[in-house]
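Have a look at the structure below, then the notes.
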Amino acid sequence: MNVTIVDIAKKAEVSISTVSRVLNNKPNVCPDRKQRILAAIDELDYKPNYWAQGIRKNVTGQKTGRIALLFVNLSERMRTLSFVMQYIQGIHQEIASAGKEFLFNIWHDEDETIPSMLFNRDVDGVIVKGQSHDPALQQWLGRCPAVHLNPLCHPSPYGDSIMVDYEAGTSEAVKYLASQGHRRIAYIAPQHHLYSQRKLSGFRRSVSALGLDVDENLIQIRGGVGKLDCGWAIDNLWSLSHPPTVIISDDKTCVSIYKALADRDIKIPQDVSVFGYDNDLARCESLMPMLSTMDLEACDIGRAAVRQILSRVENPQDSNRTLLVQGRIVERASVRKL
């Protein structure tokens, strides 16, 4: 049977409000009563109901002045990616500018308990990067102001979402390349995951709308995992009677594209231009020539997430919002004007 604070009050022969004061570490409880309550807690093996405590804090409007960033099911490799680090930078800067305290935690579905800072409602709101299917975490997120950073499939039903509009971003990239005189634009993706599907949708839409060369052979997608090697895509593209004048892919894949082109003595940008996506500085600026790309503006997304959390804390009754961020083009040396 679950032990309640009513049971503790009866055992210690005190009022329920006095038990509550001790459990919440409030002052003005005489030492004798406090000792009896603590003894009753030990004897009855009381486990506090953090869900109820969190709900009461939310209802009474108590503020902690703390905002948490929670990584959910993110691998160590994902946590160290350039744009994820930019998320953190933007979040930290905006929280500091708002005079709030920044807390951080990592959680995986196999963890037995939700972090105490969340369970105890020691934060006013939480920014979530990653996804979970754990019902306990989903239930908590449904009760606390939350903003989800770029959820994979669709806007989260457990709070606000800030999503990268990959379709609009890729469409803008195609428009930019067309303005540089390119008509035969190739798209390479190592896997057909949801992000690449959205990019491909923007690619197809813009190529058609701009009256560019529509050729399905310019789209090269290969499933599977393992060592990244774009030699297959380059061989397919250069077997065409009219190879592309520019290739679009994500920054990571562009590293492999550069190598495959160099192995075949195809020069960038003299023979073909290359355009990336993400603006991973460690990759873009180490390639020769440096890679032109679409910047996710992850730092600004992090800042926007904090502003939205602070707004949500003050206006918890508002409907969930989804903010789409397109990004911006960063011109370097890998795209040649024809």
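Read the figures in this text as sums done on the coordinates, not as results from a lab. This structure is a prediction, so every number in the text was calculated from the model and none was measured. Every residue, glycine as well, gets a Cβ built from its backbone with ideal geometry; the counts of neighbours run over all protein chains shown.
Across the chain, C-alpha contacts under 8 Å between residues 6 or more apart give a mean separation that, scaled by the residue count, equals a relative contact order of 18 percent.
What FRET efficiency, computed as 1/(1 + (r/R0)^6) with R0 = 30 Å and r the Cβ-Cβ distance, is obtained for T322 and E76, rounded to the nearest 0.05? The computed FRET efficiency comes out at 0.55. The Cα atoms of segment 117-219 give a gyration tensor whose axes a ≥ b ≥ c have a/c of 1.5 or more with a/b greater than b/c, which makes the shape prolate. Less than 5 angstrom separates the built amide H of I247 from those of A186, S273, V274, F275, all sequence-distant by 5 or more or on a different chain. Structure note, pairs K63/K129; K10/K63; K259/K337; K100/K252; K129/K252; K252/K337: Cα-Cα distances above 27 angstrom occur for K10/K63; K100/K252.
Give me the base-10 log of I(q)/I(0) for segment 199-285 at each q in 0.12, 0.18, 0.22 Å⁻¹, Debye formula, one uniform scatterer per Cα, rounded to two decimals. Those come out to -0.37, -0.87, -1.28, one per q.
Whole-Hz Karplus values for segment 124-139 come out as 7, x, 9, 9, 10, 10, x, 10, 9, 10, 6, x, 5, 5, 4, 5 Hz, taken residue by residue from phi with 6.51 cos²θ - 1.76 cosθ + 1.60 and θ = phi - 60°; glycine and proline positions read x. Assuming charge only on the beta carbon of Lys and Arg (+1) and of Asp and Glu (-1), the dipole of segment 146-211 about its Cα centre is about 400 debye to the nearest 20. Computed from phi, the 3J(HN,Hα) profile of segment 189-202 under the Karplus parametrisation 6.51, -1.76, 1.60 (θ = phi - 60°) reads 9, x, 9, 9, 8, 4, 4, 5, 4, 5, 5, 4, 4, x Hz, with x in place of Gly and Pro. Beta bridges per DSSP, both residues in the chain: antiparallel share near 10 percent.
Remark: spin-label model distance Q62-C30 equals 2.5 nm, labels positioned 7 Å along the Cα→Cβ axis.
The amide H of T322, built 1.01 Å from its N in the peptide plane, has S161 as neighbours under 5 Å, considering only residues 5 or more places off or on other chains. In terms of surrounding Cβ atoms within a 10 Å radius of their Cβ, R77, R205 rank from fewest to most as R77, R205. For segment 256-338, run through the trypsin sites (Lys or Arg not before Pro) and keep only the ones in DSSP coil with at most 15 other Cβ atoms within 10 Å of their Cβ. Hits after loop and neighbour filter: R264, K267, R321, K337. Tilt of helix 50-60 relative to the longest C-alpha principal axis of the chain, in degrees (0 to 90, nearest 10)? The two axes meet at around 90 degrees. Given [x] 32, 27, 24; [y] 54, 18, 16; [z] 28, 26, 24, which label gives semi-axes √(5λ) of the Cα gyration tensor in Å as computed from the coordinates? Matching entry in [x] 32, 27, 24; [y] 54, 18, 16; [z] 28, 26, 24: [y]. Evaluating 6.51 cos²θ - 1.76 cosθ + 1.60 at θ = phi - 60° for every residue in segment 316-331, the Karplus couplings come out as x, 7, 5, 5, 4, 10, 10, 9, 9, 10, 8, x, 9, 7, 10, 8 Hz, glycine and proline recorded as x.
Orientation-averaged projection of segment 5-48 equals 2.6 nm² [convex hull of Cα atoms, one quarter of hull surface area]. About the centre of its Cα atoms, segment 166-296 shows a dipole size close to 200 debye [charges on the beta carbon of Lys, Arg (+1) and Asp, Glu (-1) only; nearest 20 debye]. In this structure the amide hydrogen of V164, modeled in the peptide plane, comes within under 5 Å of the amide hydrogens of N150, V325, none closer than 5 places in sequence on its chain. Seen against the Cα atoms of the chain and their longest principal axis, helix 31-44 is set at about 70 degrees.
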